[in-house]
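In what follows, a structure is listed as structure tokens, so that the remarks can point back to it.
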Amino acid sequence: MNVVGAFYPLFMAMAQRTDGGEVARLRAQLDRAQGRRVRTPPLPTHPLIAALLPEGGLRPGETYAVSDSASLLLALLAPVSRAGSWCAAVGMPTLGTEAAESAGIALERLVLVPDPGPRWLAVTAAIAEVMPIVALRPPGRVADADVARLSARLRDRGAVLLVQGAWPQAQAMLSLHDPAWTGVGNGHGCLTQREATVTVSSRRFPVPRSTRLLLPDPAGVLAAPRQDSPAERQERPAPWQDSPAPRLRAVG
């Protein structure tokens, strides 16, 4: 139930038996409660991704579905961690701490629950009670009633849930696609960065929003693509996905 629905019966009952001063007091109380919800700022989010999301960032109390990309998930957690908040990852046994630290997550404020067991939904709800952002990889399908209960818990606590995979009633779906690595030449070299497209689909957008970004850039984090000059573009090695197959030479 929203704020208006919760206060409306009380407000009407008091209005029928009290004077105008009491009515004004209740109206002011209602306005303050609504204002707190409206003014709740989004969690810290990289500007490139924030520009794609409804309301300009990860809104407390909402759930976001994320494609099966660990780098995109870490890029969403990192700004919150750098701002001093705790983060949690539930049901992700392959999520490495070294990768998390490279993405900018403070390991001293990261809680990992690799195998939450059959009560994974209860574990997630309990963690959301005390942490502002929780990443979850569900082991299977979840009932609509359980989704509704968890959503109510998130709204009550103002926590954000990032789910790897599809999720009913998600505020938005973020996907990473069309990757292109650079750094590898004709069969030699080291990968230096990956350019990819992030697309956000939401019920609030008639058309999905997309942007091209570096994930990771040479420093290992999310960044905007560099705008090279024509000469630099000509000299820059082609992306790995477009490179021709290296020639093989028999030896010995």
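The values are calculated or read from the model by the stated rules, or taken from the named source; none is laboratory data. Quick caveat: nothing in here was measured; it's all calculated off a predicted structure. Virtual Cβ from ideal backbone geometry, glycine too; neighbours counted across all protein chains shown.
Structure above, values below:
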{"read-out": "From L162, L136, residue being touching a residue at least 60 places away in the same chain (Cβ under 8 Å), within 21 Å of P44 (Cβ to Cβ) and in the same structural domain as G84 (by TED's automatic domain parsing)", "value": "L162"}
{"read-out": "Exclusive hit being more than 16 Å from the chain's Cα centre (by Cα) and either at pLDDT 95 or above or assigned by TED's automatic domain parsing to the domain that holds D178 (or both), set P114, P60", "value": "P114"}
{"read-out": "Wholly within segment 113-192, strands (runs of 3 or more DSSP E) carrying at least 1 residues that are touching a strand residue (DSSP E or B) at 6+ places or on another chain (Cβ under 8 Å) and surrounded by fewer than 20 Cβ atoms within 10 Å (Cβ to Cβ)", "value": "172-184"}
